[in-house]
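In what follows, a single structure is set out as structure tokens and then discussed.
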Amino acid sequence: MIFIFSILMWFSISPEINIVNIFLGISVSIFVQVIGYMMYPKFFTLKFVLKLVVSIPKVLYQAFKMILTKNYFTIVDKKAPEKEDEEFSQVVNINFTPEEVVVTKEYDHLIIHKVSKK
């Protein structure tokens, strides 16, 4: 998956398509794929994408609810996971929903701005 994204990015920013550019794009994408596998555990990307796909109905529900109701803003303090990849997944999942946005991380807690009904 990293390979596909990186090769698409390479060809989208390249000025022209020729043999040298195709070779460079493929070699850079392979390099990025290898580095990505060394940094993140197997199936991390698949789990991450699956969590995002599963949360789409929740996102749509929250978006319509925010449009149709009066909203109040609150701040929530939530304990961050110890593993770095789980924390990244949690932050992206929280930011993906319209009602919550992670603002910052202080020590081992995430500061979340939340929109909710009172």
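The values are calculated or read from the model by the stated rules, or taken from the named source; none is laboratory data. This structure is a prediction, so every number in the text was calculated from the model and none was measured. Ideal geometry is used to build each Cβ from the backbone, glycine not excepted, and the neighbour counts take in all protein chains shown.
Candidates in region 60-78 are the residues that are closer than 16 Å to His113 by Cα and either of a type in the set (S, T, N, Q) or surrounded by 11 or more Cβ atoms within 10 Å (Cβ to Cβ) (or both); of these, the one that is farthest from the chain's Cα centre (by Cα) is Asn71. Applying a threshold of 7 Å to beta carbon distances and a minimum spacing of six or more residues, or different chains, the list of pairs starting in region 73-87 at a residue that is closer than 17 Å to Val101 by Cα and ending at one that is of a type in the set (Ser, Thr, Tyr) reads Thr74/Ser116. Of all residues in region 22-42, those that are in a helix (DSSP H, G or I) and at pLDDT below 85 have Cβ atoms under 6 Å from Cβ atoms of residues that are surrounded by 12 or more Cβ atoms within 10 Å (Cβ to Cβ) and not hydrophobic (A, V, I, L, M, F, W, C), 6 or more apart or on another chain, in Val32/Ser6. The criterion of at least 1 residues that are within 21 Å of Leu50 (Cβ to Cβ) and touching a helix residue (DSSP H, G or I) at 6+ places or on another chain (Cβ under 6 Å) is met by the following strands (runs of 3 or more DSSP E) wholly inside region 68-118: 100-106.
Kindly establish whether Val76 is within 21 Å of Lys58 (Cβ to Cβ), among the aliphatic types (A, V, I, L, M) and out of contact with any strand residue (DSSP E or B) (no Cβ under 6 Å at 6 or more places or on another chain).
Values: within 21 Å of Lys58 (Cβ to Cβ): yes; among the aliphatic types (A, V, I, L, M): yes; out of contact with any strand residue (DSSP E or B) (no Cβ under 6 Å at 6 or more places or on another chain): no.
When the stated conditions are applied, Val76 does not pass them.
Just need a number here: residues in region 1-28 that are under 22 Å from Asp85 (Cα atoms) and surrounded by 11 or more Cβ atoms within 10 Å (Cβ to Cβ). Working first, answer last.
Of the residues in region 1-28, the ones under 22 Å from Asp85 (Cα atoms) are 1-6.
Still in the list and also surrounded by 11 or more Cβ atoms within 10 Å (Cβ to Cβ): 1-3, 5-6.
Total meeting the criteria: 5.
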